[in-house]
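One structure is given here, and the rest of the page talks about it.
The values are calculated or read from the model by the stated rules, or taken from the named source; none is laboratory data. Everything numeric in this text was worked out from a predicted model, so none of it was measured. Virtual Cβ from ideal backbone geometry, glycine too; neighbours counted across all protein chains shown. Surface accessibility is based on the protein's heavy atoms, side chains included, excluding ligands, DNA and RNA. Shrake-Rupley method; radii C 1.70, N 1.55, O 1.52, S 1.80 Å.
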Amino acid sequence: MDDFAEKLIHGRVHVSPKRLGSPGPDEKQKQQILLAANAAPDHGRMMPWRFIEISEGSRSALGEVFYQCLLDRDPSATLIQLQEAREKALRGPLLLLAILSFADEANEISKDEKLISLGCAVQNILLSAYALGFGSGLSSGKALQSKRMRDLFQLNDQEDPICFITIGTVTKSKPGRIRPSLSDYHSIF
């Protein structure tokens, strides 16, 4: 394997959105990162995914959804917990929502295959961000599947929100994860 590719693939680690700050990608870098998604495998050329960038002006609306979703799940949540839920929307300079579209009028491509395509697009985004010197992390949670979230992003019945992607400059590092050995996930039949 090419040395650059190996360093890229094995050097990238998840960084908590709490540890990602400014500066984030500039417009040219952001475009480069997002264009990496279109190199993902896409059987049927359906592009069964899309990404929504949450602008600075929309972060408070997303924060309110996080707040309300926590209150829906736990009416006894403390003010601190509710404020922390709201603040999740403010983390990281570039925040994207990955959406899976499983619409398929001909019903030829399985939802699983579409999800794999989205996963590859997400990985390409993460690797591209890392190659440009940024950290990145994925996040999800119970609020992601809520009606409130679906309404906020105006998702149709053929779409599912899968995860948030946060990209920015690493402000605090943790030791890299210990990667599993090959024998942990590979066997021969």
- Which FRET efficiency value, to the nearest 0.05, do you get for Leu82 and Asp3 by plugging their Cβ-Cβ distance into 1/(1 + (r/R0)^6) with R0 = 41 Å? 0.30
- What is the count of Lys pairs in the chain whose alpha carbons sit under 18 Å apart, if the two are 8 or more places apart or on different chains? 5
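What is the packing order of peptides 181-188, 89-96, taking the mean over residues of other C-beta atoms within 10 Å and listing the highest first? Intermediate values should be presented prior to the final figure.
Values: 181-188: 7.0, 89-96: 21.4.
Going from most to least packed, we get 89-96, 181-188.
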- Task: Could you calculate the FRET efficiency of Lys174 with Leu138 from 1/(1 + (r/R0)^6), where r is the beta carbon distance between them and R0 is 22 Å, rounded to 0.05?
- Result: 0.90
- Query: If you place +1 on the Cβ of every Lys and Arg, -1 on the Cβ of every Asp and Glu, and leave all else neutral, what size is the dipole of the chain about its Cα centre, to the nearest 20 Debye?
  - Reply: 800
- Fraction of beta bridges assigned by DSSP in the chain that are antiparallel (%, nearest 5): 95
- Using r as the Cβ-Cβ distance of Ser58 and Tyr185, and R0 as 45 Å, what FRET efficiency do you calculate, to the nearest 0.05? 0.70
- Item | Per-residue ³J(HN,Hα) for segment 50-61, Karplus 6.51 cos²θ - 1.76 cosθ + 1.60, θ = phi - 60°, Hz, x for Gly and Pro | 7, 10, 10, 8, 8, 6, 4, x, 9, 5, 5, 5
- Give, as a single signed number, the net charge of other residues whose beta carbon lies under 14 Å from the beta carbon of Ala77, with Lys and Arg counted +1 and Asp and Glu -1. 0
- Relative contact order (%) - segment 124-189, alpha-carbon pairs under 8 angstrom, separation at least six: 36
- Task: Kindly sort Arg19, Arg59 by accessible area of their heavy atoms, largest first, with the probe set to 1.4 Å.
- Result: Arg19, Arg59
- Gap separating the Cα centres of segment 4-42 and segment 164-189, nearest whole Å: 14
- Note on the structure: Across all Cα atoms of segment 56-189, Rg and the largest Cα-Cα distance (Dmax), in Å, are 17.7, 54
